[in-house]
Amino acid sequence: MRLRTGLLLCSLAPAALPAQEPTDTVTLRPVVVTATRVPTPADAVTAAVTVISGADLRAQGIRTVLDALRGVPAAAVVQTGSFGGVTSLFLRGGQSKYVKVLVDGVPVNEPGGAFDFAHLTTDNVERIEVLRGPASVLYGSDAVTGVVQIFTRRGLGTARATASVGGGTYRTLAWDAAASGGSDAASYALSVSRFTSDGVYAFNNRYTNTVVSGLVRVAPDARTDATLSVRYGDDRYHFPTNGAGVPGDHNQFNYGSGPTLGLEIGHRFSPRLETRLLLAANETEGGLDNRPDSAADQNLFRSLDNLRRASADVRANWYLPDGAVLTAGAALEQERDHSFNVCATQFGDCSTPPIDTARWNGAFYAQVVATVAGRVSVTAGGRLEDNQRFGTYATYRAGAAYRLPGGTRVRATAGTGFREPTFFENYSTGYSVGNPDLRPEHSRSWELGVEQSLAGGRASVAATFFDQRFLDMIDYDPGAAAGAPNYANVAAASANGMELGVRVAPVAAVSLAASYTYLHTDVTNPGFDPSSGAALAAGQPLLRRPEHSARLDARYRAAARGTVSLGVTYVGKRVDQDFATFPFPRVELPDYTRVDLAGQLAVIPAGGRGQGARVALSARVENLFDHRYEEARHFPARGRTILVGAEVAFGP
């Protein structure tokens, strides 16, 4: 986990923009993969995509994906307190379970969409692509409001190695080591990192996270390639608070560990026909451990969840003579959940029966990506999902982009997405009873965008308008009869708004970027709780989504000597629930502005050919003015955090 400094400067326009880096050769046309699953020029993509460079993240000290995502338009990142606190992403106002998360194509969400961003680090990352808008056509369940895909770095060229160490506020300590190299025929990239911190609370707030990752690629001939990616994480988060954020427990913690494996094999049978097979597996074993604090404490709670996803996805790409690409594919996935809990209080045993079940998903999908008359790009696709529990479900997506003379681009996209129920919603027993007959939650969405390039590409402005309808949302019924299911598809909501972005690079050494998002959410059909303070209260906004948010990034790069970065994040007022007061009324969280400042200095820069050891020092200050704020009610965010570090690099 790198503590080299700086703040993220990512593309703020709806399509990826080229990085503003000095170059001695031509600038390559930027390419996006996640939006279509085939390499597509960014100006031909019809959906909104932000591309975050892994090189920038490493150079600027962005340690976690959650911090990288804070600069993405319409992305509300909410962390419950300190390092390791549960972190949710609300993209374009959708539920936190509505974003598909992939690592080299491997799904890492829990079945049903949940994902905690607190532990996903940026080490060994080549780039992050954030697709906004529905993408269930290509990725199935959970891709309702978008996709976040992390691509692991690929080694190429002479072997190189790096090692870094740093620390700072809250007794934070981090180190990492990486090595990479290879050729077109075979290459590798390996990384190991560890992060520890005592956290913001006075006791029981220690956090540790160890990550090992690697990617090996071989190409035995010009028509065949195979890539194996591996990632293993092991984290533990101690926290003294109850659900209302009140400190008091001296020994409870949650934990998780497990591997993510992906093997992709491609073969080109002819210049026109290519096939690709992706074998993927992800397993997470974790839970909560809260044993009695003392002999007088009669409360005990321990849980363990083992979640596994294994899948195979095969697709064929036909490259037609007119430049169009036709994709047809099939996918098969098994999801398995084995979980149990042990619960005891002064009132007796409160344990519930374990869950041990599995389900299958199968799908067929097709897509066409084409360019008409050199100026119009079209994308259209459909998918038929067959889920073992809810049966078949069809989704579609269609979009077009038109490039006008003078650097103007107009685009429009419409589509649908869905989320399958969680295992708990389907199969829970005990105090809550699952409903095996639940339908998937689903959405209908459209967006319209316009972009204008200025000053020969050194500046751009962009605007995107979007509208979404979330239907058949699953809610919990506390008043269900004994033995009857507690979950049902009863609610609906809408989210619409506007994203604005400006990027300016007046000279090669300076980059400026700013974005603003307006978001309006509304519960159009309430859940089971009829009160105005309910999470799904009729006519009320969805929780923890700010109506107004903005981001400003500025960076100055002094050739090979280093960088100075400034980031300003504004998050407007939003609604949350106060779980410290029954019946958990809605409360308004005040707006806040956070300023981050960072700098990096190469004390021993690279030589003429980049050989020999290079040493860089760094410093990063998060929340520069020590502003007190909360992203979730009763969970204070970190105050001023100072991190300093050094890195040594060997090789070109």
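So which of GLU126, GLU110 is surrounded by fewer than 24 Cβ atoms within 10 Å (Cβ to Cβ), touching a residue at least 40 places away in the same chain (Cβ under 8 Å), within 16 Å of GLY258 (Cα to Cα) and over 12 Å from the mean Cα position of the chain (by Cα)? Give the derivation first.
Working: GLU126 fails: within 16 Å of GLY258 (Cα to Cα).
Answer to the selection: GLU110.
Residues of segment 509-536 being surrounded by fewer than 18 Cβ atoms within 10 Å (Cβ to Cβ), in a loop (DSSP other than H, G, I, E, B) and without any contact (Cβ under 8 Å) to a residue 40 or more places away in the chain, which ones?
PRO530
Which one of PRO354, PRO321, PRO271, PRO292 is closer than 26 Å to SER432 by Cβ and either of a type in the set (Phe, Trp, Tyr) or out of contact with any Ser or Thr (no Cβ under 9 Å at 6 or more places or on another chain) (or both)?
Values: PRO354 fails: either of a type in the set (Phe, Trp, Tyr) or out of contact with any Ser or Thr (no Cβ under 9 Å at 6 or more places or on another chain) (or both); PRO321 fails: closer than 26 Å to SER432 by Cβ; PRO271 fails: closer than 26 Å to SER432 by Cβ.
From the options PRO354, PRO321, PRO271, PRO292, the qualifying one is PRO292.
Would a scan of segment 142-157 turn up a residue that is at positive phi and at pLDDT below 95?
yes
Specify which of the listed residues (ASP305, ASP221, ASP293, ASP297) is of a type outside the set (Val, Ile, Thr) and either surrounded by 17 or more Cβ atoms within 10 Å (Cβ to Cβ) or within 18 Å of HIS338 (Cα to Cα) (or both).
Values: ASP221 fails: either surrounded by 17 or more Cβ atoms within 10 Å (Cβ to Cβ) or within 18 Å of HIS338 (Cα to Cα) (or both); ASP293 fails: either surrounded by 17 or more Cβ atoms within 10 Å (Cβ to Cβ) or within 18 Å of HIS338 (Cα to Cα) (or both); ASP297 fails: either surrounded by 17 or more Cβ atoms within 10 Å (Cβ to Cβ) or within 18 Å of HIS338 (Cα to Cα) (or both).
Result of the check over ASP305, ASP221, ASP293, ASP297: ASP305.
Of these, TYR365, TYR396, TYR431, which one is farther than 16 Å from ALA47 by Cα and within 27 Å of the chain's Cα centre (by Cα)?
TYR365
Test of understanding: among VAL564, VAL571, VAL595, which residue is under 30 Å from ALA619 (Cβ atoms), crowded, with 21+ Cβ neighbours inside 10 Å and among the aliphatic types (A, V, I, L, M)? If you could, list the steps in order and put the result at the bottom.
Numbers: VAL564 fails: crowded, with 21+ Cβ neighbours inside 10 Å; VAL595 fails: crowded, with 21+ Cβ neighbours inside 10 Å.
The unique qualifying residue is VAL571.
Rundown of residues vs (1) crowded, with 19+ Cβ neighbours inside 10 Å; (2) of a type in the set (Val, Ile, Thr); (3) in contact with an Asp or Glu (Cβ under 7 Å, 6 or more places away or on another chain); (4) modelled with pLDDT of 95 or more, yes/no style:
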| position | (1), (2), (3), (4) |
| --- | --- |
| ALA401 | yes, no, no, yes |
| ARG411 | yes, no, no, yes |
| THR429 | no, yes, no, no |
| HIS442 | yes, no, yes, yes |
| TRP446 | no, no, yes, yes |
| ALA455 | no, no, no, no |
| PRO478 | no, no, no, no |
| ALA491 | yes, no, yes, yes |
| GLY501 | yes, no, no, yes |
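Which one of ALA370, ALA344 is within 30 Å of ASN306 (Cβ to Cβ), touching a residue at least 12 places away in the same chain (Cβ under 8 Å) and either surrounded by 15 or more Cβ atoms within 10 Å (Cβ to Cβ) or of a type in the set (A, V, I, L, M, F, W, C) (or both)?
Numbers: ALA370 fails: within 30 Å of ASN306 (Cβ to Cβ).
Answer to the selection: ALA344.
Counting just the residues of segment 65-88 that are of a type in the set (Val, Ile, Thr) and free of Cβ contacts under 8 Å to residues at least 60 places away in the same chain, which one comes out surrounded by the fewest Cβ atoms within 10 Å (Cβ to Cβ)?
Taking segment 65-88 as the starting set, the residues that turn out to be of a type in the set (Val, Ile, Thr) are 65, 72, 77-78, 80, 86-87.
Going one step further and asking which of them are free of Cβ contacts under 8 Å to residues at least 60 places away in the same chain, we end up with 86-87.
Details: VAL86: 17, THR87: 24.
Across segment 65-88, the extreme among qualifying residues is VAL86.
Return yes when THR379 is of a type in the set (Val, Ile, Thr), in a strand (DSSP E or B) and surrounded by 18 or more Cβ atoms within 10 Å (Cβ to Cβ) and no when it is not.
Against the criterion (of a type in the set (Val, Ile, Thr), in a strand (DSSP E or B) and surrounded by 18 or more Cβ atoms within 10 Å (Cβ to Cβ)), THR379 qualifies.
Conditions: (1) within 23 Å of ARG92 (Cα to Cα); (2) over 27 Å from the mean Cα position of the chain (by Cα); (3) not charged (D, E, K, R). SER549 meets all but one. Number of the miss?
All conditions are met except number (2).
Considering segment 419-472 alone, what residues qualify as being in contact with a Ser or Thr (Cβ under 9 Å, 6 or more places away or on another chain), farther than 30 Å from PRO354 by Cβ and outside any strand (DSSP E or B)?
GLY457 - this is the single residue of segment 419-472 that is in contact with a Ser or Thr (Cβ under 9 Å, 6 or more places away or on another chain), farther than 30 Å from PRO354 by Cβ and outside any strand (DSSP E or B).
Which residues, counting only those in segment 310-333, are buried (at least 16 other Cβ atoms within 10 Å of the Cβ) and not hydrophobic (A, V, I, L, M, F, W, C)?
Listed by number, the residues that qualify are SER311, ASP313, ARG315, ASN317, TYR319, THR327, GLY329, GLU333.
Could you list all residues from segment 89-101 that are without any contact (Cβ under 8 Å) to a residue 60 or more places away in the chain and either out of contact with any helix residue (DSSP H, G or I) (no Cβ under 8 Å at 6 or more places or on another chain) or among the aliphatic types (A, V, I, L, M) (or both)? So that I can check it myself, show each step before the final result.
Pass one, segment 89-101, residues without any contact (Cβ under 8 Å) to a residue 60 or more places away in the chain: 89, 91, 96, 99-101.
Result: LEU89, LEU91, SER96, VAL99, VAL101.
The values are calculated or read from the model by the stated rules, or taken from the named source; none is laboratory data. Since we're looking at a predicted model, the values are computed, not measured. Note: ideal-geometry Cβ built from the backbone for every residue, glycine included; neighbour counts use all protein chains shown.
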